[in-house]
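The structure follows.
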Amino acid sequence: MERYSHDTHEAYVGGSPTYAYAKLRGLALVAGRELEGHGDRVAAIAPIVFDAAGLPGRFRDLLLTGARIHDIGKRLIPPAILYAPRRLTVAEWAIMTRHPELGIAVMREHVTYIPRIIRDCVLLHHERWDGTGYPRGLSGPAIPVMARIVAIADFIDALASQRSYKPPVPMEVVRSILLRERGRMFDPYLTDRALRHYDRIVAAWLGMMAAVPVPVPGPGMEVPHV
């Protein structure tokens, strides 16, 4: 966590940290409800992994904001791609993979400076431990720890939730896939912490689903790729 030790100063040089962070928190509250509540569910899972990993509590609120807002770049993805009721084509997938960088652009429309933790959650949540992710192709410890946490939470919700191109995956199957991807997609240590507290993750996820259930797609209904 050394790289975040002065986050609230480094991220706001020349600006107002209180104003900028308040703006981003407000933006995140809205973004979390978008995509059928995906950001809010990711924000319910991520702090469980954060706490289990024993990370400094002073960064927890930044993680929550980053988790809620991590997919805000999908606001700029064409609806025909975002809501495609099928797997995306190669060309469409190339557009979809731009959403982390587009997310930074969306936030910069609202604030000049972005806390590093929030920036990492938005920009780097699709990086993979083995280096085959996007947009930077980072690997292992080069991926910031908060982005690694959001990657796990994002993966769990994306699999477990109904999508326009797939049915929901049962939580026990999600657990098996998460274990399989330990050391490939995900940080082994954080994966172990998530698996150790998987019952808590499931309970948090079910609680969010009960509060704002995701509708099962029917004729004329669209559920986004996330």
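The values are calculated or read from the model by the stated rules, or taken from the named source; none is laboratory data. The structure presented is a predicted model; accordingly, all values stated were derived computationally and were not measured. Quick reminder, even Gly has a Cβ in these numbers, built from the backbone with ideal geometry, and neighbours come from all protein chains shown. Keep in mind that these areas ignore ligands, DNA and RNA; they rest on the heavy atoms of the full protein, side chains included. Shrake-Rupley method; radii C 1.70, N 1.55, O 1.52, S 1.80 Å.
Label points 7 Å out from Cα along the Cβ direction at Tyr165 and Val30: separation in nm?
So the label points at Tyr165 and Val30 sit 2.8 nm apart.
Of the listed values (1) -0.70, -1.29; (2) -0.58, -1.17; (3) -0.61, -1.29, identify the label whose number matches log10 I(q)/I(0) by the Debye sum over Cα atoms at q = 0.12, 0.17 Å⁻¹ calculated from this model.
Computed from the coordinates, log10 I(q)/I(0) by the Debye sum over Cα atoms at q = 0.12, 0.17 Å⁻¹ corresponds to (3).
Quick one: accessible surface of Thr65, probe radius 1.4 Å, all protein chains present, in square angstrom to the nearest 10.
For Thr65, the solvent-accessible surface is approximately 10 Å².
Moving to a separate point now. Kindly sort Val42, Val202 by accessible area of their heavy atoms, largest first, with the probe set to 1.4 Å.
Val202, Val42
Say R0 is 25 Å: what FRET efficiency, to the nearest 0.05, do Ala142 and Glu172 get from their beta-carbon distance?
On the way: r = 32 Å, r/R0 = 1.28.
Efficiency for this residue pair is about 0.20.
Sorted by accessible area (1.4 Å probe), largest first, how do Glu92, Glu109 line up?
From most accessible down to least: Glu109, Glu92.
Averaged per residue, what accessible surface does the chain expose to a 1.4 Å probe, in Å²?
Per residue, the chain has an accessible area of 45 Å².
Where Lys and Arg each count +1 and Asp and Glu each count -1, what net charge lies around Gly39 among other residues with Cβ under 11 Å from its Cβ?
-2
Then there is this: I'd like the accessible area for Arg33, computed on protein heavy atoms only with a 1.4 Å probe and all protein chains in place. Round to 10 Å², please.
150
What relative contact order, as a whole-number percentage, does the stretch 63-205 give when Cα pairs under 8 Å and 6 or more residues apart are counted?
Here the relative contact order equals 21 percent.
Which whole-angstrom value gives the distance between the alpha carbon centres of the stretch 30-45 and the stretch 62-105?
After rounding, the separation between the Cα centres reads 14 Å.
Taking a 1.4 Å probe, which of Arg108, Arg75, Arg68, Arg98 shows the most accessible area, and what order do the others take after it? Please list the in-between numbers first.
On the way: Arg108 150, Arg75 100, Arg68 70, Arg98 125 Å².
The ranking, largest first, comes out as Arg108, Arg98, Arg75, Arg68.
If you roll a 1.4 angstrom probe over the protein chains with everything in place, what fraction of the accessible area of the chain belongs to carbon and sulfur, to the nearest %?
Numbers: 5870 of 10270 Å².
Within the chain, the accessible surface is 57 percent carbon and sulfur.
On the full set of protein chains, 1.4 Å probe, figure out the accessible area of Met96 and give it in Å² to the nearest 10.
10
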